[in-house]
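Asker: Below is one structure. I have some questions about it.
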Amino acid sequence: MNPNCSIHAPFFEIGPKAYLYGEEVIELAKAADAASEKYQVDIIFTTPIVSIAQVKAATRRIHVFAPHMDPLRPGRGLADILPESLVAAGAEGVMLNHVEKPLTLGALRQTILRADEVGLTTIVCADSIVEAGMIARLEPNIIVAEPSELIGTGCTSGPEYVAAAAKSVKDVNPGILVLTAAGIACGEDVYNTILAGADATGSSSGVAKAKDRAAMVDEMIAAVRRAWDERHRS
């Protein structure tokens, strides 16, 4: 596993996907940076690739991740995403195997190895409990366990799924962090997911489509802090 992972539970992932672009991405990143500092919660900001350098330059605390990369090496590869180029742009990590950019297990293994080689933290998506356990054997740093049918719906997976997903991963490798998401639309969803036992959760459309994005980010990160602190007081 990549020894350079500097992310600690509790944490939160924000991915604007293609909902936002240009200056809107930068403004959202700044809001995330402020919330991360305010509540002392690590935030992964999975930015569009073309915005990596700008987001990195505009922020101090958030962890800037790319939404994908390819396992190629410098040389031929027109339009593929070179791992070294992500590092050069300022990325700290990379998201892999999202339902909108799936990989075969073979390709995923190769890509995780390349990420480890260049020092990128890996956050890998799994759309079932079974897949989460399989991916854990590939030793990414973080696994996102989210039922793909709930992504963007505003319906969350519930505490039973949170517990089962964590067990499927931790039974294989207790050092892998587990983020449980899908359908996270407000602070209450965040609170309930963290309280149920997740190391982290995250949101894309719930943040990007909010009327006041900065306020929603603040609400969600405050909920992470509150739930985590309550969980560890009990």
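The numbers here are math on the coordinates, done by the rules we state, and not lab data. All of these numbers come straight from a predicted model, not from anything done at the bench. As a convention, Cβ positions derive from the backbone with ideal geometry for all residues, glycine included, and neighbour counts pool all protein chains shown.
Asker: Using a 7 Å offset from the Cα along the Cα-to-Cβ direction at both LYS211 and ALA88, what is the distance between the two label points in nm, to one decimal?
Answerer: 4.5
Asker: Starting from 0.36 nm per residue, how many nanometres of slack lie between ALA18 and VAL50 once their C-alpha separation is accounted for? Show your work: numbers first, answer last.
Answerer: Details: separation 32, 0.36 × 32 = 11.52 nm, distance 1.15 nm.
Here the segment from ALA18 to VAL50 would lengthen by 10.4 nm.
Asker: In addition: List, largest first, the extents of the alpha carbons of the chain along their principal axes, each in whole Å.
Answerer: 52, 41, 31
Asker: Mind giving me the FRET efficiency for ARG233 and HIS8? R0 is 25 Å, r the Cβ-Cβ distance, nearest 0.05 is fine.
Answerer: Computed FRET efficiency for ARG233 and HIS8: 0.85.
Asker: In addition: Restricting to DSSP H runs of at least four residues, report the calculated mean residue ellipticity at 222 nm for the chain, -39500 (n - 2.57) per run over all residues, nearest 500 deg cm²/dmol.
Answerer: Details: 9 runs with 99 residues, N = 234.
Here the helix-only value at 222 nm equals -13000 deg cm²/dmol.
Asker: Just to confirm my numbers, what's the Cα centroid distance between the range 97-124 and the range 24-80 in Å?
Answerer: Centre-to-centre distance over Cα atoms comes out at 17 Å.
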